[in-house]
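Down below is the structure, laid out as structure tokens.
The values are calculated or read from the model by the stated rules, or taken from the named source; none is laboratory data. None of these values were measured; they are calculated from a predicted model. Cβ coordinates were reconstructed from backbone atoms using ideal geometry, including for glycine residues, and neighbour counts include every protein chain displayed. For accessibility, only protein heavy atoms count, side chains too; no ligands or nucleic acids. Shrake-Rupley method; radii C 1.70, N 1.55, O 1.52, S 1.80 Å.
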Amino acid sequence: QVQLVDSGGGLVQAGGSLRLSCAASGRAINSYVMGWFRQAPGKERAFVAAIARSGGSTRYSDSVKGRFTISRDVAKNTVYLQMNSLKPEDTATYYCAASDWILSPISSYYGSWGQGTQVTVSS
């Protein structure tokens with residue numbers, strides 16, 4: 001199994017940017033599909049972005065497409081989520097996750113999770 005620690009959350013004004021990091025240990029991230037999910041209070045955990053094992057393919061939810069970018073640094077065994085043009089509706093706890101199966105927006109396909117990092121966007 002792989003252990004994940006996500007970080008980089010904070011308070012930012014609408015229109016601003018933030019970069020989240022997900023540091024993996026125990027196994028290499030290129031053995032997994034890596035993804036980001038988010039959950040706002042009272043809401044279901046929702047898919048945000050994912051990157052294929054090869055790093056050659058990415059997928060985004062419609063709500064963040066064009067604003068967020070998922071990337072990775074294999075040498076650092078770290079996955080990133082660059083968030084630009086942030087909106088108040090982006091406010092949520094963000095979780096990184098790893099899947100040993102297909103690139104999917106379904107949370108149950110991911111077997112390893114970070115502890116979550118809070119992102120708050122003020123209007």
Completion exercise
Per the filter on the range 6-18, residues surrounded by 13 or more Cβ atoms within 10 Å (Cβ to Cβ) and in a strand (DSSP E or B) are 6, 7, 12, 18
Exercise for the section: Would you check which residues across the range 26-57 are open to solvent by 70 Å² or more (accessible area, probe 1.4 Å) and of a type in the set (Ser, Thr, Tyr) and list them? Expected result: 54
Fill in the blank from the handout: Subset of the range 78-123, residues open to solvent by less than 30 Å² (accessible area, probe 1.4 Å) and part of a loop (DSSP other than H, G, I, E, B), comes to 86, 104, 110, 114, 116
Problem - Unmet requirement for residue 69, which otherwise passes all of (1) in a loop (DSSP other than H, G, I, E, B); (2) free of Cβ contacts under 8 Å to residues at least 40 places away in the same chain; (3) polar (S, T, N, Q) - result: (1)
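Each row is one residue, and each column tells you yes or no for (1) aromatic (Phe, Trp, Tyr); (2) under 16 Å from residue 110 (Cα atoms); (3) in contact with a strand residue (DSSP E or B) (Cβ under 8 Å, 6 or more places away or on another chain).
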| site | (1), (2), (3) |
| --- | --- |
| 3 | no, yes, yes |
| 17 | no, no, yes |
| 38 | no, yes, yes |
| 75 | no, no, no |
| 81 | no, no, yes |
